[in-house]
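Nothing in this text is a laboratory measurement; each read-out follows from the coordinates by a stated rule. Values in this document were obtained by computation on a predicted structure and should not be read as measured data. As a convention, Cβ positions derive from the backbone with ideal geometry for all residues, glycine included, and neighbour counts pool all protein chains shown.
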Amino acid sequence: MTAVAYVVAVWLLLIGLYGAVTSRHLVHLVVCLTVAQSSTYVLLLAVGYRDGADAPIFADIPVGSPVVDPIVQALTLTDVVVEATVVALLLALTVQARKRFGTVDPDGIRELHG
Amino acid sequence: MSPRGRAWLFVGGALGMALLLAWGLAGVPGSDVPLGRYAGLLADHAVAERHTTNVVIATAFDYRALDTLGEEFLLFVAAVGTTVLLRATREERDEERAARLDEQRGVATSDSLRALGTGLVGPTVVLGVYVTAHGQLTPGGGFQGGVVLAAALLAVYVAGTWLALRHVAPVSALELSEAVGAGGFVLVGIGGLLFAAVFLENFLPFGTKGDVLSGGMVPLANLAVGLEVAGAFGVILTELLDQIVLRRSASG
Amino acid sequence: MALVPLTVAIPLLAAGALAAVKPLSPRRSAQIASIAAAAAVAAVSGVLLARAGGETLVYWFGGWEPRGHVAVGISFLVDPVSAGLVCFAAVLTVAALVFALRYVDVADDLFYVLMLVFLAGMTGFSLAGDLFTAFVFFELMGISAYALAGYNVEQRAPIEGSLNFAVTNTAGSFLLLFGIGLLYGRAGALNLAQLGEALAPESADGLVIVAFVLIAAGFLVKAAAVPFHFWLADAYAVARTPVCILLAAVMSELGLYGLARVYWAVFSGSLGPSHEELRIVLVALGVLTALVGAAMTLLQGHLKRLLAFATMAYVGLMLVGVGLLEAEALAGAAVFVVGDGFLKAALFVCVGIVQHRTGDVDEADLHGAGRPMRWTGLVLVVATAAVCSLPPFGAFLGKSMIEHGASAVDYGWLVALYVAVPALVGAALLRAAARVFLGVGTRAPGGRDPGAEPEEPESEPESRTPVSMFATAVALLACGLAIGLWPGLSGDAVAAAHRFIDRAGYAAVGLGGAGATDVREGHFSSYTPAAHDYLLAALTMAGAAGLAWLSLFRDPRRLPGGRVLQRPLHTLRRLHSGHVGDYLAWLAAGTAVFGGCCALALGT
């Protein structure tokens, strides 16, 4: 079961990066990076998954019953925040790029080279 | 590089990366083994030690609270950075004044949209506060609750106009909330330093498991994070929405 | 011991407070508050550095001590290298903020907020004893840097530079997270010491090798090794001078620190048997980075891009020092990082002064424009000589130690690299200095492209150099000299390096509960540079001067070998296209090649 999850994680990473490499629109590029980042969530949660276990919240179940890994869930929370932060900054840059360069095509944003 | 060359270069690299990742992932133990020692330790002891039922929140806000502090400040930088990057230039400030006058005349929104938006604001705020306050008991916590609160702000924008949003949640209030939340978390940590000799040590009484005020400093930390997240997302949303108004005034 | 968390708490609290009172406070108080906060961090870390000299300190946050060799909480580990880096970063932040006092272009207080959070990120990353905490502070450092690089959004270039910076480094962090996920899956732990203990007994299999490749690649993106380096020149060219000081002198070097720390604390047990093969890969990468950086430096006309590629070339030299996987070379690399860091900062300040006075930063346009700024020119030339191993500056000492360590493991031929690369970089700097400050020699080719937007000045051109700026340059130069003259520094550095590479010792401290210490036995003698070191230094400086004279007064195409090199150099320049898709493609290809090399080296 988790083998599928790992395949999905690798696929998301590579297809997200591919989209970013061949992108012709900055917003599309940012969303592709989001897709690539979500591969890390899938990976972390898949690493923590245990067959037949419950969520690590002991409101209804007794302490000691099998649960999935709580630590990777906390890590994934942090990971989501990291992604949100980068997306916010990149979108702000996209808005400014549209204003200053008149385009959001990465091919048109060529001020720095050499 | 030409677009085709770029794509082929990437595809070559991606194939190599796929092989590497597959080789590496093959070594990860499957899902039938018991939890690792660290995770097992927390799962077994967090409830008794921290009087919380949500082990993930106990992990994030107590055992690994330093990571959460860093994460809080990541959001803080997101809001500050967005403000900095979308800072109006001298020419734009005049346009903004013209845009405000435009908005005061009102932009027509459809009735159903206004009804839906207005109807959503109240329950969303309640849900956000509930999720924030009950983080130590049920799935949720400061981060999730803060995002829900920010969604309430977005509902205000959808229901009314951009000006209504600015009235309900002026940027200065949002920035204050965000900074107070971020600073608040550090202060909780310093509280630990002062009262319990170690930074971020849980220094408040634990209360009974299952109560809202259980878990010692976890509810306080939750509150700080909720304030911070709601403020940060509010600032980011407002800054980006400002740009729409600027564009509208520039073209119309 | 309570001082340890203050290194992170002070800048963060100050940043939050500055942001909260922003509408009320005048600019001056924000400036003073931020300088005070940075200075406080420098003082605290200086005290910790002194205490950590004898024993490594460990601090468990939240009071969560390890139980039965399982780390439950997050720790900070204070040893001379990490405390030294924190102190270095804090001192440079003070210098950058002092430089920014007279900076008209800092539009609001949020600049100081971002700088303080940047410092906190660097501090937390250096001291972290937990892999995921290191990642969180690594990201904090990066994100503040993206915002600071793009700070001047009224112009076009900073938008592109910040975008390239952010996208490339974000891709690097994906790699880092995959590596962390793999390690957690195997070991069920995030604490560096505990990971090392878990991996050590077994030999390296696919998972361990791939985890190392991914984590190393993530750090190498930040360190700007080839081919992950394309973002560096774009970001440094557009960031304002106070930010460049920190980016060039500390941030990229922290990528190398991360690589070294993770290798020695986590992987040295299981990858140790194949360390000679790994040495080949890392040294090759460092050599390549240094050569590409040096070549690109010579081709630049934009002064800040020139300094950016110079930084990259020197990062290559430092990577070689780290990649030799040997204590003395590591000690030399640490001394080199600090000694050279002060010099690079001084160079950026000098260029910043020129830009402040003339509003321009292109070598072609500035021909002779620097004549009124003689003293700045003098500081720049002295710094360039120091960068070319002028004794007794710290860079000379560090370089000599690395060469000594290299010869101990039969890599003595690297001496040629440590002469050639500084000579090339020094030549480019001297040529630029001669053109700008003396107005001699042929004009630089090109200038800005016709049709490109004229670069707006960082501030209105001024008629006098502000004292705060010039004093900063001189102070940084003096610090570079002090590193070289500090008594016993090389002995302390070698002792610290031996402690750094001792994985078992690190684990004993890292999992031993609060206050655990290990006192280093054994006496390590100071390294005194020998006669051949002085000879090599003289050769380097002569080479730099000679090459500078050639490029000022002779046409490069008529030189022997000039024709042959023209096509490859032109292609190399074209590759740095400014297009973020190109950079990501190189990143993927580079990860695959680096991974393949490591697999070959370590897998058999």
task = With a length cut of 30 Å (Cα positions projected on each helix's long axis) and a Kyte-Doolittle mean of at least 0.0, go through chain A and give me the DSSP H helices that pass.
result = A:26-48, A:70-101
key: Helix-only mean residue ellipticity at 222 nm for chain C, each DSSP H run of n ≥ 4 adding -39500 (n - 2.57), per residue, nearest 500   = -23000 deg cm²/dmol
ask   = For the range C:359-372, what does the Karplus curve 6.51 cos²θ - 1.76 cosθ + 1.60, with θ = phi - 60°, yield as ³J(HN,Hα) per residue in whole Hz, taken in order and with x for Gly and Pro?
value = x, 9, 9, 9, 4, 5, 6, 8, 3, x, 6, x, 4, x
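So how do C:Asp502, A:Asp79 line up by other beta-carbon neighbours within 10 Å, fewest first? Could you put the intermediate results ahead of the total?
Numbers: C:Asp502 19, A:Asp79 27.
Ascending number of Cβ neighbours within 10 Å: C:Asp502, A:Asp79.
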ask   = Angle, helix C:303-323 long axis vs. longest principal axis of chain C, Cα atoms, 0 to 90°, nearest 10?
value = 30
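For Cα pairs less than 8 Å apart in space and 6+ apart in sequence, what is the mean separation divided by the residue count of chain C, i.e. the relative contact order in percent?
On the way: 1089 pairs, mean separation 108.5, N = 604.
This gives 18 percent for chain C.
Percent of Cα-Cα pairs more than 40 Å apart in the protein assembly as shown, please. Could you put the intermediate results ahead of the total?
Details: 174438 of 469965 pairs.
Within the protein assembly as shown, distances greater than 40 Å cover 37 percent of Cα pairs.
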C-alpha long axis of helix C:27-52 to longest principal axis of chain C, angle in ° = 50
query = How far, in degrees from 0 to 90, does helix C:414-433 lean away from the longest principal axis of the Cα atoms of chain C, to the nearest 10?
reply = 40
message = Which of B:Trp8, C:Trp64 has the fewest other C-beta atoms within 10 Å, and how do the rest follow up to the most?
response = B:Trp8, C:Trp64
Rough spin-label spacing in nm, given labels placed 7 Å along Cα→Cβ, for B:Ala22 and C:Tyr534 = 6.1
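What is the range C:212-320 by shape, rounded, prolate or oblate, if you read a ≥ b ≥ c off the alpha carbon gyration tensor as root eigenvalues and call it rounded for a/c under 1.5, prolate for a/b larger than b/c, and oblate otherwise?
Numbers: a/c = 3.00, a/b = 1.84, b/c = 1.63.
Verdict is prolate for the range C:212-320.
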note = For C:Lys304, the lysines lying under 28 Å Cα to Cα, once residues fewer than eight places off in the same chain are dropped, come out as A:Lys99, C:Lys222, C:Lys344, C:Lys399
